[in-house]
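Below you'll find the structure, written out as structure tokens, and then a few comments.
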């Protein structure tokens with residue numbers, strides 16, 4: 001894929017911290033902007049001040065809409081009421097008064113609007129004073145304070161901007177980037193920590209660990225009474241380091257102690273099967289290995305399966321993930337042209353992603369299944385391949401999450417996820433609110449499944465949403481937009497095989513497939 005930036009502003013304020021771009025879950029390094037690491041935190045006061053400085057500075061600079069530093073900081077400090085409901089802040093023109101019940105009333109002068117360093121000092125000072133008079137706040141950890149303050153600062157922005165503690169952020173990073181592990185999944189079964197599956201090619205497979213083994217201990221620490229998440233934390237460690245697993249296996253009276261060397265384990269997001277010469281893929285999310293996994297399945301497909309007729313990709317229930325992976329997955333099926341563009345306030349957020357030559361499916365029919373739980377990165381893939389006339393979409397309208405988030409790693413190893421751009425399909429429409437419309441709608445709100453299948457078998461393409469209105473939604477009046485929201489609605493909890501039946505029928509009928517492909521394709525324009 002190729003990426004074009006409409007502005008060449010360098011790294012701007014992204015130079016001090018690791019900044020990642022993602023969609024709903026999270027993401028890989030967008031550009032080589034990591035220039036300087038923050039200094040080591042050496043004490044509680046300096047630690048709080050440095051984390052708040054990094055957080056507030058980036059929220060004010062990166063968020064998609066302009067924000068006032070004073071509003072961010074004061075809203076954040078008001079979040080301390082989560083910890084002690086008696087904490088009150090009253091703002092005047094040049095001062096803020098902190099009150100804690102009857103025990104404290106103190107006035108603080110506010111910094112200049114543009115003084116981000118001064119605002120960090122201001123917040124740290126108020127926290128320090130409040131801790132001397134609030135027993136609840138004095139007992140709270142720094143992490144609890146960060147959570148309360150960033151919750152307060154981000155609370156009125158949008159639902160996708162949020163703070164993750166160092167512990168949660170570590171798990172987020174492992175999900176998107178991988179972590180040192182052995183390649184097993186575990187869960188509690190009959191009060192035992194059971195190994196459910198082994199990742200192909202993993203250290204666990206090489207060590208002859210079996211699904212169905214009971215995991216009794218990790219490095220001598222008993223798993224009894226632990227949650228699966230706790231056990232995963234015990235197993236994870238530095239890549240190439242060794243861990244010893246104590247196992248109980250059916251048919252053996254003695255326990256096994258197996259030494260396993262950890263490797264980088266990236267959670268699998270792609271599963272594949274083939275039935276009657278039709279490939280089927282389920283993509284559950286987009287992490288750093290998604291495109292590579294799909295590519296491995298697709299390469300030389302006509303050699304390994306010379307009679308293959310086409311492929312179905314199931315994106316239902318896929319909440320999104322990494323921006324670059326959505327682009328790369330789309331690129332696997334395109335030879336050229338636009339995939340997606342992103343536009344925001346910060347110059348680095350304005351990007352255009354184009355495909356490079358190389359359709360791995362070699363122009364065989366492609367059907368993508370979507371529904372109301374297909375979001376963000378999944379919607380990028382669906383919109384790109386539909387607009388470009390490369391895939392037929394089957395199902396219902398998607399979620400409509402058309403914003404891009406940047407993830408900022410803070411000095412305490414926590415993370416801020418901030419909305420910094422909207423993304424647009426190749427034909428320039430925004431995914432936000434209305435989502436992506438399918439080519440063939442299987443919603444029972446429009447027509448019964450039986451009538452739909454009967455019409456398709458007769459070669460008639462029905463249940464097609466209004467693509468013209470969808471692509472011009474920003475120019476419609478309120479009544480038309482309300483009507484648009486009712487196009488091909490998703491019914492929560494409804495499970496149906498109709499999507500699969502429609503997909504197989506389309507692949508088996510080249511004329512109907514070509515008709516569907518052409519009906520929803522758009523003339524793409526550079527934004």
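The values are calculated or read from the model by the stated rules, or taken from the named source; none is laboratory data. Bear in mind that the values here come from a model prediction, so they are computed numbers and not experimental data. Every residue, glycine among them, receives a Cβ derived from its backbone with ideal geometry; neighbour counts consider all protein chains shown.
For the stretch 80-88, state whether one or more residues are assigned by TED's automatic domain parsing to the domain that holds residue 133, part of a helix (DSSP H, G or I) and surrounded by 20 or more Cβ atoms within 10 Å (Cβ to Cβ). Let's see the steps before the verdict.
Taking the stretch 80-88 first, the residues assigned by TED's automatic domain parsing to the domain that holds residue 133 are 80-88.
Cutting the leftovers down to part of a helix (DSSP H, G or I) gives us 80-82.
After this cut, where a residue has to be surrounded by 20 or more Cβ atoms within 10 Å (Cβ to Cβ) as well, the list is 80.
Yes: one or more hits.
For the stretch 280-289, give me each residue that is in a strand (DSSP E or B) and touching a helix residue (DSSP H, G or I) at 6+ places or on another chain (Cβ under 7 Å). Break it down stepwise before answering.
So the first thing to find is which residues in the stretch 280-289 are in a strand (DSSP E or B), and the list is 280-283, 286.
Answer for the stretch 280-289, where residues must be in a strand (DSSP E or B) and touching a helix residue (DSSP H, G or I) at 6+ places or on another chain (Cβ under 7 Å): 281, 283, 286.
Per-residue answers, yes or no, for (1) in contact with a helix residue (DSSP H, G or I) (Cβ under 6 Å, 6 or more places away or on another chain); (2) in contact (Cβ under 8 Å) with a residue 24 or more places away in the chain; (3) on the phi < 0 side of the Ramachandran plot:
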{"position": "87", "(1), (2), (3)": "yes, yes, yes"}
{"position": "94", "(1), (2), (3)": "no, no, yes"}
{"position": "99", "(1), (2), (3)": "no, no, yes"}
{"position": "107", "(1), (2), (3)": "no, no, yes"}
{"position": "110", "(1), (2), (3)": "no, yes, yes"}
{"position": "116", "(1), (2), (3)": "yes, yes, yes"}
{"position": "119", "(1), (2), (3)": "yes, yes, yes"}
{"position": "123", "(1), (2), (3)": "yes, yes, yes"}
{"position": "133", "(1), (2), (3)": "no, yes, yes"}
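Filtering the stretch 212-241 to residues that are farther than 15 Å from residue 196 by Cβ, under 31 Å from the mean Cα position of the chain (by Cα) and either in contact (Cβ under 8 Å) with a residue 12 or more places away in the chain or not assigned by TED's automatic domain parsing to the domain that holds residue 196 (or both) leaves 218, 226, 234, 236, 237, 238, 239, 240, 241.
The criterion of at least 1 residues that are buried (at least 17 other Cβ atoms within 10 Å of the Cβ), outside the structural domain of residue 47 (by TED's automatic domain parsing) and in contact with a strand residue (DSSP E or B) (Cβ under 7 Å, 6 or more places away or on another chain) is met by the following helices (runs of 4 or more DSSP H) wholly inside the stretch 414-527: 498-508, 510-520.
Taken over the stretch 255-267, the residue count meeting the criterion of being surrounded by fewer than 17 Cβ atoms within 10 Å (Cβ to Cβ) and at pLDDT below 90 is 1.
Helices (runs of 4 or more DSSP H) fully within the stretch 290-406 that include at least 1 residues being over 21 Å from residue 274 (Cβ atoms): 323-331, 377-387.
Does residue 277 satisfy the criteria of being under 30 Å from residue 505 (Cβ atoms), assigned by TED's automatic domain parsing to the domain that holds residue 511, surrounded by fewer than 19 Cβ atoms within 10 Å (Cβ to Cβ) and out of contact with any strand residue (DSSP E or B) (no Cβ under 9 Å at 6 or more places or on another chain)? Criteria not met by residue 277.
Each residue in the stretch 396-406 was checked for being farther than 19 Å from residue 481 by Cα and surrounded by fewer than 24 Cβ atoms within 10 Å (Cβ to Cβ), and 1 of them qualify.
Scoring residue 292 on the criteria (1) in the same structural domain as residue 390 (by TED's automatic domain parsing); (2) at pLDDT 90 or above; (3) surrounded by fewer than 16 Cβ atoms within 10 Å (Cβ to Cβ); (4) farther than 19 Å from residue 183 by Cα leaves a single failure, condition (4).
Is it true that some residue in the stretch 135-153 is surrounded by fewer than 14 Cβ atoms within 10 Å (Cβ to Cβ), without any contact (Cβ under 8 Å) to a residue 40 or more places away in the chain and under 30 Å from residue 238 (Cα atoms)? Among the residues of the stretch 135-153, at least one is surrounded by fewer than 14 Cβ atoms within 10 Å (Cβ to Cβ), without any contact (Cβ under 8 Å) to a residue 40 or more places away in the chain and under 30 Å from residue 238 (Cα atoms), which makes the answer yes.
Residue count for the stretch 60-79, restricted to those that are part of a helix (DSSP H, G or I), touching a helix residue (DSSP H, G or I) at 6+ places or on another chain (Cβ under 8 Å) and within 14 Å of residue 114 (Cα to Cα): 6. Within the stretch 97-122, the residues that satisfy the criterion of being more than 35 Å from the chain's Cα centre (by Cα), surrounded by fewer than 20 Cβ atoms within 10 Å (Cβ to Cβ) and closer than 24 Å to residue 57 by Cβ are 108, 109, 110, 111, 112.
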